[in-house]
Structures are given as structure tokens and as C-alpha cells.
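Working notes, structure below.
The values are calculated or read from the model by the stated rules, or taken from the named source; none is laboratory data. Predicted model only: the values in this text are computed from it and were never measured. Cβ coordinates were reconstructed from backbone atoms using ideal geometry, including for glycine residues, and neighbour counts include every protein chain displayed. Surface accessibility is based on the protein's heavy atoms, side chains included, excluding ligands, DNA and RNA. Shrake-Rupley method; radii C 1.70, N 1.55, O 1.52, S 1.80 Å.
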Protein chains: 4
Amino acid sequence: MSGAVMKAIVIHAAHDLRIEDRPEERPGPGQVRLRLATGGVCGSDLHYYNHGGFGAIRLKEPMILGHEVSAFVDALGDGVTGLSRGQLVAVSPSRPCGDCRYCAEGLMNQCLNMRFYGSAMPFPHIQGAFREVLVADASQCVDATGLSPGEAAMAEPLAVTLHATVRAGQMLGKRVLVTGCGPIGILSILSARRAGAAEIVATDLSDFTLALARKVGADRTINMASDPHGLAPFTQDKGHFDVLYECTGAVQALTAGIAAMRPRGVILQLGLGGDMSLPMMAITAKELDLRGSFRFHSEFAVGVSLMQQGLIDVKPLITHSLALDQAEQAFRLASDRTQAMKAQIVFATS
Amino acid sequence: MSGAVMKAIVIHAAHDLRIEDRPEERPGPGQVRLRLATGGVCGSDLHYYNHGGFGAIRLKEPMILGHEVSAFVDALGDGVTGLSRGQLVAVSPSRPCGDCRYCAEGLMNQCLNMRFYGSAMPFPHIQGAFREVLVADASQCVDATGLSPGEAAMAEPLAVTLHATVRAGQMLGKRVLVTGCGPIGILSILSARRAGAAEIVATDLSDFTLALARKVGADRTINMASDPHGLAPFTQDKGHFDVLYECTGAVQALTAGIAAMRPRGVILQLGLGGDMSLPMMAITAKELDLRGSFRFHSEFAVGVSLMQQGLIDVKPLITHSLALDQAEQAFRLASDRTQAMKAQIVFATS
Amino acid sequence: MSGAVMKAIVIHAAHDLRIEDRPEERPGPGQVRLRLATGGVCGSDLHYYNHGGFGAIRLKEPMILGHEVSAFVDALGDGVTGLSRGQLVAVSPSRPCGDCRYCAEGLMNQCLNMRFYGSAMPFPHIQGAFREVLVADASQCVDATGLSPGEAAMAEPLAVTLHATVRAGQMLGKRVLVTGCGPIGILSILSARRAGAAEIVATDLSDFTLALARKVGADRTINMASDPHGLAPFTQDKGHFDVLYECTGAVQALTAGIAAMRPRGVILQLGLGGDMSLPMMAITAKELDLRGSFRFHSEFAVGVSLMQQGLIDVKPLITHSLALDQAEQAFRLASDRTQAMKAQIVFATS
Amino acid sequence: MSGAVMKAIVIHAAHDLRIEDRPEERPGPGQVRLRLATGGVCGSDLHYYNHGGFGAIRLKEPMILGHEVSAFVDALGDGVTGLSRGQLVAVSPSRPCGDCRYCAEGLMNQCLNMRFYGSAMPFPHIQGAFREVLVADASQCVDATGLSPGEAAMAEPLAVTLHATVRAGQMLGKRVLVTGCGPIGILSILSARRAGAAEIVATDLSDFTLALARKVGADRTINMASDPHGLAPFTQDKGHFDVLYECTGAVQALTAGIAAMRPRGVILQLGLGGDMSLPMMAITAKELDLRGSFRFHSEFAVGVSLMQQGLIDVKPLITHSLALDQAEQAFRLASDRTQAMKAQIVFATS
């Protein structure tokens, strides 16, 4: 195996995306070698591609992108059991240390030494998973038998919205607002419905995404570009919604959402943005509960299981599948919310 | 209207069920007169019919039975808005006082002065709703447009299991055991699934009910009569299930369930039984959480809404519909778990 | 009684505070006539006095100020039991309607029709309690036997911080930061300690208030004016504090607090301010939980009881007691955090 | 050091307690050698001494007893930092594996491979800490500077009641019943008060323990032997108490407590007993919440800190201190609730 090379998708700077040769790695004890099946382009990948980073997080060296991936098991390192060659797995990009004080409390997504695929936050950067051959810990691999490789590659963003849903607490019978209908917003709709939400209203600026929102179960959608006061009816009597999934990171969306929240409502902040000027008087007087939600841990396997049982169907989100040599087109498509939801790159089909 | 009479289903003593004439009532301010559509026979109705009561609660005077009912609006009392003649409504049998200390805290189902239809708990007894014409508070009526009268009459038992589900807290991705697959057990399966349960195992002693459990979504069923050790695989490593809906009121079911619960698991006690000898060492050492769940409040309207949206389908439970003059047969059928799930009595069809 | 007049403290505009004659009222059924004992000057009173309002809430007509009051029972209206003439009571300024949808859920502090003493939020304004004779509902009166009138008048601000503490959830063994050491900050220290906080750090810009913070139990204080980076040691490893009581309404304090919060920490926003520009990336990535806290309900009686049992001692806060004819001086003193904590006005001593 | 021997307190069978020589051990990496200071006799030690075990847990080989201990640091193994020779430490007897699925979730007290000092639950038994020289992991040692060795040895039972208090959720302003006033009951009173309980009523059969209950803060005590209906006034209107610490393991105490609990009240089951016949109708209809509570994890260090700050004072519980050669007398004293609360054995004083 030594000397073998593979292709990887590497970002060097904004709009400088290259497909490069990289040496294959060998699995150590407890690890597996995987042939990548499918990789989904995520919003953070797009930030690197379009802007070279976001906020204070900037590219400082070339980095393999990608953290939404499924793969076929190719070889098992010493001591690995429960996986077999050829098996389709969803691969969690989350690698907490297991030793820091947050890991010791079970808060793995807050690990002080997290090595999350395709992240420029520490330096050297944590290289990502968009490569033909990936060596991963066996514990990152969740059996995805019965799913398509594309569905299995949705396990990661689905885990993000399931984690937010768990943080929201009891959802049964609740009235839910989703601001922003990119993939995270659409998966929030699916997650909230799965957890028992009784009413789901979704907003965005794109008719394309809102049509998909309705398709996956939103009871009502509002295009805030053409109907900027569309949430006004929900602001009567201090507000209407019990839960808000804020998936834009835009202050206008959050502010409009706050006005439509009923007292003691819970806001899940999923969208990553910079500083925002918030109406603190409304937050205080209505006793709203603004909760950050970041990544996931145990929800990754839960999401795979829910998809396998047919309890959550992510297929409508996958609007584009492109070959590896069309990777840059996948990034461009994924950047366009008027025609694409999730664009995926196919590395191998078996 | 004065002088008009109607038929009502009255229990006088165990196995002494009569269809009797009763005078119709006139709606006061804030009330409505309803023509009953459908009434479901509940386990507590059956206790009065088969045994004259249960535990310390005994019949001391004739009592109209019934508390699972749908109806057509017939006339509106002064000041009633939002309801119209001919409209199908689900009628909540729960009438809390609104003034006692529990009502003031929002715990209406614990009202000190509750007047719940068809209950022999206080004396004089609270007369029930199995009567052709019922005068009710407008606030008891929930619009059921789009549902069949039979479905609407399921709102009450559905509210019971939704209330238990709310008491369980977050359900998303949880592993659930349901012991006892009468109507409350079956509705527990539907409620747990609606709230996001990932795995549902159900037990009973009847193949008939277990087949229905699978039909509505149980992943696996165990007949504890033919396979008394069927839960043994779930007792490894301190246990498997996160949540138990105990719907039998039988100590054997609860004890077997406790052994299969993982540490910190939540047991919802729905089944009404007498004293039970419990393995307190297991409850203490595994830090289980045994929570009583009793009736409902806001969950009644939530359940109607979930049915209207197609998010919960109760139709498979309604195995028998009989005419009013066959009421006693409905009670006999409902007592037989080898062939009936929910038996309903049809009072009027429009 | 008709024709009797009393003195009241009336705000007409910023810095236009007058002591005026007003007609006494007569208690109706369920009400009591009270002779006011002591009234504390609150931050919102000061906003009206110094600025004529705050944010969008402005004085539009003369308004009697005051909502932190104790009183002696003087006469009982029809049907009042459990109170007797001469008894000292703490008087809750909170008068929810009991009928709106939030009251029906037990969220009385979110009442849609709240009539809270001395509030310019609706128009006509809700007149306040700084008057020699006050007619109140018996249900507003909590027996304060054993307390001084000054302590009893602290029940209202104490209820505010107890409510926030209840909203924080479990406090036992927690590490707590309090930003802002006016009366609400000091009472937050007392409340957090009473609820089991293990470590309490407090910040302010005044050495006077910080000295009082230490006196009532803060383990450490930081003057952010002289030591602007004093919280830096608490920002290591993602942060230190489990709970933040934000009592300033100033964005600098909240931002500094956010940096010192550990992941999943809870921020109780008590300080009322305008819009604030918040570091949303930190809130999201550390999964902080920013909870508004507003007024109180059942905590009013709880606070009186805790004071009566000696479990909370508010006496150190009462730095100034002035006679009614010195009311304006009380307002000026209360505005000066370098020499006063709580200034109270004595209306009667028995 | 090799060849050195020390004394240990070894139970061979019921009433066969011996002080025996055992070889000293050498600290490995990450470990410390400790000279034991003080050891408290716990209820489970007494079960072994008086009955040879409890329930299904029986002595099958000689076992060193003891798990409530403080010690002086004597030598540090490789890599140990933060501890120094001569320092007084409280030693946690809890040694979870850190790897099993419960440890991975942060539920260390439910570890599948727990090695808790002085426990006959697995075989070979887990030897205890009543020995002159103890080798422990550095992570078990919590600095106890400022405490007496006797207080430091109370950290373990205090952690048990703090853990139960955390499991109870918010305690501020709550009404608390404690059934059973042995050391765990008395520490429950201290813990509940520290966490903000407003009213504490305690029951027992011994005037001696009830006097101590009042001394540490119970507002009222009831001797159920002389006043068997003493809880009757608390059963009005469905009951009075929000929280019950059940510390007897006796069915009579739990049953009497259930009758005095208000709806939705939380029962913390701390007392270890066999099977109990419970009034399930009351649990279900009042929607009580019966929660097992077992051992502790992070609460051990919290308790030491609360004692160091003077926020919890355990000194009144320590009624007897005896020398090592009087160990058996300590066991006999500790078995007698008419004259002893906590009996401790002094191994070394510096």
C-alpha cells in the first residue's frame, strides 16, 4: 500500500480549489481504511471556498475540505471488530479527545482538543475528509446499511439539527419557526417534525428553498424578501412560537424571530454570524431563552438510525450529485440557493 | 326544548347497564348544546361495568358512563363565539375549577374540585357523557373538522398518552418499552413515535393486541405469556430502555420493565392498579425515575391538531362501532382483548 | 372615610417630583385598606425621576411612583379573612388578570393585562404605591410578622432575584458571576448563595457597592474601572462560570461575562437596557443559554418566608431611610452608587 | 518500604471484625501513598458487621471495610502534581473505569466496572479503606485544608445527599420532608437547606436523632413512634411537601411520606431496602416522581468546598471519635441510634 496516492480536494485560498494527489495512509490499531463514497458540500466549506474563512477563522495553509461523508470499509486495523469490508458507513467528522474536562462530563462537542475534519480553527489546520481514501477511527464509523451513500453523507448535518432539537427539550405539540431554509433549516424542519412539532412555519428569501421547505413538511412558508411583514400576525399577544431554529446567522432574521416568539420561548442559534445587535428588552421582558447549539455528539448515530427506519427522509434535500472531477462546480452550485439545496460529490459508488 | 327527553347509558351496578330516558338540558351562558356523535368505551367504564368500580372507588348511585366523546354542535348559549351549528367537535371530559391552588399553578389535571365525566370518585357522582344530548362548556369543545366522529372520540385517550409523553421529557432518539397493549399502550406507541422515539418494543399477553402494536409502529413485540423471558436480552449491562410506558397496572409487567431499564431511565406509570411490591434496590441503584401520569390538560387540543394534520393516525385502533341500542355488546367486546381494541358507540352520524 | 386625603409621591416629568394630596380610596370586597409603612426606591423609579422613562416607555401623564412597599393593615373589605388590623404585610405590586392565556398556564408574570404598580407601559399609566393609604387586593398582601417594615419592603426586589434563580435551575455547587452590584446585583448574590452557589464573583465600577457585595457573601470582587481585565483569568479553557446574573443592562458587562462563561453556562439577563451588540459566535459555539428574567410571581411570598426564617438577610442593603417629606432626597441618594444602596422612604412606623 | 506492614480493619463474617496486619503497597504512576487520618463508620459497614451483608449482597471472603476516609499525603507516585506531603485530603472511594458506556456519558456513578471501596458486590470483593496506609489514585484526593480530619471524612456521605439534592432539581423555596434521621437524613437536611429549602420537616423513631435534626436546621420534627399520625395535617388538599428525602428504606416511612406529598412532588429514594409494597394509585394519580439516588460523582469535591467555605457544617454529626484499637466499639456505637450519630475511628492525627 505504501506509495499509493489518491485524489483530495484542497482549498488554498478563496476561489483556489484544487484536486491534488496525496499519499494514502495506513490504518493503525483501532482504525479503518475507508474508500470515500459521497461527500456533501457544507456551508463552512463554502465559506473557505468563497471567502477564505469566516470571522476570525482564516486559512493559513492548504487544507483538505469536507466533513459530510459516507464511505465503504476497505481494510481494518488491529483490534477492530463489528465492521466488515465493503460495508457502507456514515463517518462522523467529530474527534473529541475523551480526556479533557468537558469530555469527562460527557460534553464531547465542547472538547478542548477537538479535531473536527476540515477546520481551520487551530493551526496546523485539521485536514478534512474529501479524499478518495480516508483512515478513520473505527468509533467514527456508523453502519449505514440500507441507506444510499448520498443519504449516509447527510448524517452529519442531520446530527447538527438533531442536537439542536435535543437542546430545545420537549417538542411535542410545539409551534416552531425556522428562519433560513438552507440545508440546516430544512433539516431543522425534518427534526422538529420528527420530535413532534405541531406547527412549523419557515422563512427565507428564496422561493426555491421555501418550496422545498413545504415539501419536507413546513405548514407554511414566508418569503421575507417579497413579504417583509409576513411574521406580523404572529407577534400579537406577545408572540406565537414556542421554538425558533435560527439558521441564517443574520441579525434581521433573529430580530424578526424574537418579535414572533411567545414568552419563555426557546431560540436555538444554529446560524454562525458575527456580532449581532439584539433587542435585549424583548429578550428580558418575554423571558426568552436564546441557546447556542454547536455540532453534535451522540446524535450522529441517532440520525443514521432514524434514516434507516424511514423516520426521517433526507432524499429531497440532495438536489445535485457530481463526479469528483466536477468538484468546483459542486461548490459553485452549492453557493446558489435559487437552484441548489445540498450538492454532493461522488467519490465512488461501491 | 323543555320536556324533551333523550337516551343515556347508565350503570346501576356491576353488569347492570341500562339505556334510560333523561331530560335534556338547556345551555347556559358560555355553554353549548351538543348532539353526541360517537363515544368510546374506556377501561374505567369497563371497571364500573364488570366490577362496579375499582379499588376504593365504588358506585353508590346510578351514573351515566362515558368520557371519550365527539359531538355535533346543536345550539350556542349566550356569549359563545368560535363554534357553529353542525360543527364536529371533540369534547374534553375534564372540567377543572380554575380557582384552586393547583389550577392557579397551571396544574389543571390536579384540580382539587375536578368534575371529570363519568367518575364515581366524589359523591354525588359526576355524570358522564354517553347521552344523546350533552350540555357542555364551550371551552371543552375542540374543533374536529376533517376528522371522522370516531377519530374525534379518540382525542381523550390520546391526550392521556400525550400527557405522559410530555412528562417523559425529550423523547428524540430514545429507546422505549411499552408494557400492555390495550388502547393506552397502543396510543403510547403512537405518541412515543410521534415524539421521536428511535426504538419501540411492546409487550402484552395477547397476540391480537401485539399484532396491532406492530401495525402502528412497534419495532418488536413480545408475548409475555408464550415468551416469559423475552425481555432478558434487554437486561444486560444494567438494562436497555430509556423510557417505559407502563400501561397494565400489573406488578409483573412493571417489575419486568424495571429490570430492562437502563440507569436514569424514566418509567411512566399509566396503568391503574392497587398496591405493588416493587424492587426498590433496583430503582435506587439504577437511579430510575418512576413518574405517575394522570389524565391531561392542554394535550387534548394538541392531540386533535396532530390527528387533523395526519401526524397521528388512530384509525387502526377503532375495531368496533356499534349502535346505541347495542351498547352492552360494545362493553362486552371492549372487555375482550383477544378480538377488540377500541369499541365505540355511534349516537348520531350527522 | 369619604373626603379623606393623603399624600402621594407623584412624578410629572424628569426631575419634577411632587408630594401631592390624593383622595383616599375605600376597599371593595376582597380588598384591604393599608397604611403604607416603608417604600423602597427602585431603579425604574429612578429612570422616571432622572429621565422621564426608559427606552420606548415614557411618562405621558402624572404617575404615583413606587412598587417596593410594606404596610400596616388598616381595614378589611367584605370577605377578607386571614389578615388583621395592625398587621405588617409585604405588598406585592404584581396584579395579573388571572384570565389571559399566560395566567391560565401559570405564567402570571407574563400576564397580557398586568397592572404592575408605578408603570408607564400602558396608558393610562398604572399608578404606584407611594401613597400614605393604599387599597390593595388581599391576595397581594403577605404576612411579614417578625420583619422590620424596611425588610418587608425589600420583598419585591428580592422576588426578582429569586425568580431569576429559579429560572437558572439547579444552583447547588455552581460557580456564579454577578455583573453589576446595585440592589439587584446584591440580592442576586444573596439568592445564589441561598440556593447553594459554591463560588460567587461580583463586578462593578464602584468600590462602595463591591464592598457591600463582599459583606453579603461574594467570594471575590473586581472593580472593572480600575481592573478592566480582571475577568481574564476566568476565560481560560473556554471559561469558568456556570451562571451569570447580568444586572447592568450594559453591553460591556454582558460581553465580558460571556467570555468568562463555560460551555452550556446560563446567563440570566436581569438588567434592562436597549439593543446590545452581542458576540453570537461565542454564544453559539459555547452553547450558552441567555435567559431573560422578568419580575416574579410565587417568589414574592417565598422571599418573605426566607427573610422571616433568617435564611436571607437584606438589612445590609438598606443604607438610607428618609421621611416622606425628604422623598426627593431619597431619589437623589438612590441615584448615587458611590454612597447608597437601597434608599427607603418611611411613611409610617406603626 | 517493601516488607512494611500496617493495620487494617477486616470483616470476616457477621460480628467477626478483626484488626489485622497487611502489607503496605507502593504508589504507581498517578497514585499517592496516604496515611489514613480518620474513617467514619457507615450504614453499609454496619450491615456487614451486624448481618454479614444485605439483601443478595453477602460476604464471601474477608474484606477490609470502610469508604468514608480522610488522610495525609505521604508519598507521590510518578507524574503526580498538585498534592504535597503532609496535606490533608478527603479521599473519594469511588473509582469508575472511565471507559464504559455510562462513564462515556458522564454518568460515572453508574459505571459498569465500579470499584467502590469496601463493597462485597463483585467477587473478589473490593477491599476498603480502613487501613493505616492507603495507595489511591491522585484523582481520588481532594484538598481538605482548613477542615479537621473528622470533617474531611464526612465528605463521602455528604456527597451522597448533595447528589440526591442535585437530582431533585431546583430546591429554592421548596417544602421538604426527610424520613429517617441517621447520618444520611441529617446530611439531607443540611443539603436541602443549603440548596434553599424554605421548610424542612423530619421524622424518625428516635428522640436523640430528632434533637440533632432540629439542631442542624429542621423546622419541625415528628417522632413517628410516639406520634404515628404526626404527618396527617400534611395530607390535606392532596398533600404538602414538594420533595421527600426517603432515608430509611422502610416501607412505612415511604408510604407515610407519599400521603404527605403534593402532586408532582419528587421523592428521592436514598434508603436501601428490599422490595416494598407501594400505593401505586397515589403515585399515579398525584403524578409523583420517585427517583432513586445512588452514590455520587462530582458532588464529592463540591461538598469539600462547601465545608471549607463554612456553607455546610457537619461537625454536629460527629458524636464519637475512637482510636483504631477501639474499632469494634465504634461499630457497636454506630449501630445505636439512641446515642450515636456518626462514629469515627482515628488512625492518625498528623
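Take every pair of alpha-carbon atoms less than 8 Å apart whose residues are at least six positions apart; their mean separation over the length of chain B yields a relative contact order of 17 percent. Comparing C:V304, C:V91, C:V135 in a Gaussian network model of chain C, where Cα atoms under 10 Å apart are tied by springs, the biggest mean-square fluctuation is seen for C:V135.
If you roll a 1.4 Å probe over the heavy atoms of the protein chains, what accessible area per residue do you get for segment B:210-350, in Å²?
37
The share of accessible area on segment D:190-298 that comes from carbon and sulfur is 54 percent, using a 1.4 angstrom probe. Normalised by 2.2 N^0.38 Å, where N counts its residues, the alpha-carbon radius of gyration of segment D:53-146 equals 1.19. Dimensions of segment B:160-292 based on its C-alpha atoms, expressed as ranges along the principal axes with the largest first, amount to 36, 33, 30 Å. Around B:I267, which amide H atoms from residues at least 5 apart in sequence, or from another chain, sit under 5 Å from its own amide H, with H modelled in the peptide plane? Here the answer is B:L244, B:D289, B:L290, B:R291, since their amide H atoms fall under 5 Å of that of B:I267.
In segment A:190-235, taking the dipole from charged Cβ atoms about the Cα centre, the farthest positive-side position among A:G230, A:L212, A:S191 is held by A:S191.
Rounded to the nearest 5, what % of DSSP beta bridges with both residues in the protein assembly as shown are antiparallel? Antiparallel bridges: around 60 percent, rounded to the nearest 5.
Charged side chains reduced to their Cβ positions (Lys and Arg at +1, Asp and Glu at -1) give segment A:160-292 a dipole of some 400 debye around its Cα centre.
Pick from A:A168, A:A198, A:A301: which residue has the top mean-square fluctuation in a GNM of chain A where Cα pairs under 10 Å get a spring? In this elastic network of chain A, the residue with the biggest mean-square fluctuation among A:A168, A:A198, A:A301 is A:A198.
With the label put 7 angstrom out from Cα along the Cα-to-Cβ vector, D:A348 ends up 6.2, 7.0, 9.0 nm from the copy partners, going from closest to farthest.
Structural descriptor for segment C:169-221: relative contact order 39 percent, calculated from alpha carbon pairs under 8 angstrom and at least 6 residues apart. Here the protein assembly as shown is assigned +1 on the Cβ of each Lys and Arg and -1 on the Cβ of each Asp and Glu. Its dipole about the Cα centre then comes out at about 0 debye.
Springs join every pair of Cα atoms under 10 Å in this Gaussian network model of chain A, and among A:V133, A:V80, A:V176 the largest mean-square fluctuation is at A:V80. Remark on segment A:277-300: accessible area falls by at least 30 square angstrom from chain-alone to full-complex state for A:S277, A:L278, A:M280, A:M281, A:T284, A:A285, A:E287, A:D289, A:L290, A:G292, A:F294, probe 1.4 angstrom.
Taking each DSSP H run with n ≥ 4 as -39500 (n - 2.57) and averaging over every residue of the protein assembly as shown yields -7000 deg cm²/dmol at 222 nm. Once the Cβ-Cβ distance of A:A56 and D:E105 is raised to the sixth power relative to R0 = 45 Å, the FRET efficiency obtained is 0.85. For D:K60, no lysines have a Cα falling under 19 Å of its own Cα, not counting residues fewer than eight places away in the same chain. Projecting 7 Å from Cα along the Cα-to-Cβ direction, the label point of D:G169 sits 0.8, 0.8, 1.1 nm from its equivalents in the other copies, listed shortest first.
What percent antiparallel are the DSSP beta bridges of chain C, to the nearest 5?
60
Evaluated with a Cβ-only charge set (Lys, Arg +1; Asp, Glu -1), chain B carries a dipole of roughly 460 debye about its Cα centre, given to the nearest 20.
Straight-line cross-link partners of D:K7 among the aspartates and glutamates, defined as a Cα under 12 Å from its Cα and at least 8 positions apart when in the same chain: D:E20, D:D21, D:E24, D:E132, D:D325.
Computed from protein heavy atoms with a 1.4 Å probe, the total accessible area buried between A and B is close to 1500 Å². A label point on D:Q236, set 7 Å along the Cα-to-Cβ line, lies at 4.4, 5.6, 5.7 nm from each of its counterparts in the other copies, closest listed first.
At R0 = 41 Å, how high is the FRET efficiency between B:Q329 and B:R214 if r is their beta carbon distance? Nearest 0.05 is fine.
0.90
Taking the Kirkwood radius as the inverse of the mean 1/r across Cα pairs, report the Rg/Rh of the protein assembly as shown. With Rg and the Kirkwood Rh in hand, the quotient comes to 0.97. Pairs exceeding a 24 Å alpha-carbon distance, out of B:K174/D:K286; B:K174/B:K215; A:K215/A:K342: B:K174/D:K286. Projecting the Cα atoms of B:Q344, B:V5, B:V243 onto the dipole axis of chain B, where Lys and Arg carry +1 and Asp and Glu carry -1 at the beta carbon, places B:V243 farthest toward the positive end.
A Cα-only calculation for chain B places Rg and Dmax at 20.1, 68 Å.
Expressed as a fraction of 2.2 N^0.38 Å, the rule-of-thumb size for a compact globular protein of N residues, what is the C-alpha radius of gyration of segment C:1-97?
1.22
Summary value for segment D:160-292: 22 percent relative contact order, contacts being C-alpha pairs under 8 angstrom separated by 6+ residues.
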